Amino acid sequence: MSSRRFAAVLGLAAVAAWLMTGAAARASEGTVTGTLSAGNVVVQPFTATTTGAVALRLEWDDPSAKLTLFLLKRGPTGAYTRIAAATGAEMPQLIVLNVVPGQYRVRVQVLHGTTSYQLWTRYPTAPPAQPLPGYLTIMFGRSMIGAGTASCALRPGAVSLLTIAGLLQTRGIAASSNATINQIGTCTGDTRYATWDELATLRDSSGAGA
């Protein structure tokens with residue numbers, strides 16, 4: 001195995017090991033591609049929002065070209081300082097480094113040749129804040145007691161809204177109800193609506209506040 005291939009295998013193994021044993025922190029990743037010639041420089045900024053590992057992988061198509069890879073960190077004065085570099089003869093170039101929260105830059109430079117390249121970056125980001133608990137509201141639309149007859153009685157087999165509200169209450173669930181003023185205590189078509197007294201029962205006994 002050539003030294004170049006051996007170094008690449010070791011580097012990929014390091015990246016793979018990090019991915020498999022990665023910390024609890026989340027990570028963001030991305031890929032940048034393009035073409036560079038001698039003297040060209042590409043700078044890719046990112047922000048690490050938590051402590052964790054940065055993994056960088058740079059590869060290019062023309063093996064006769066020479067590319068270098070640098071990782072820089074922004075200091076208190078705003079200046080960026082190099083904290084890691086991959087400048088050897090191997091391809092791809094690899095950097096794996098633990099970092100603290102802060103602003104960083106990845107710098108790719110072409111020493112000689114012209115070639116297309118691919119830069120893969122992965123850096124730590126803090127997991128999102130725990131979301132607030134979800135809430136479910138059960139609404140008794142227009143406080144319809146149930147299917148009614150022409151005489152405003154419940155149809156045989158119909159289940160009263162008061163029964164449903166009571167069953168929910170035994171399970172620790174309170175529902176909400178609303179009502180249309182001109183429908184209270186009436187029957188329209190085959191629907192019977194709650195009376196004022198039934199609305200009060202829903203509010204006081206079943207927790208179904210209007």
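Readers should treat all values here as calculations from the given coordinates under stated rules, not as data from a laboratory. As the structure is a prediction and not an experimental result, all values here were calculated from the model. Cβ atoms come from the backbone with ideal geometry, glycine included; neighbour counts cover every protein chain shown.
To make sure I understand, if each residue's beta carbon is the centre and we count other beta carbons within 10 Å, what order do Tyr117, Tyr135 fall in, fewest to most?
Numbers: Tyr117 22, Tyr135 5.
Ascending Cβ contact count within 10 Å gives the list Tyr135, Tyr117.
Can you sort Leu111, Leu168 from fewest to most other Cβ atoms within 10 Å of each residue's own Cβ?
Going from least to most buried by this count: Leu111, Leu168.
Can you sort Ser177, Ser205 from fewest to most other Cβ atoms within 10 Å of each residue's own Cβ? Write down the numbers at each step before the final one.
Details: Ser177 22, Ser205 12.
Going from sparsest to densest Cβ surroundings: Ser205, Ser177.
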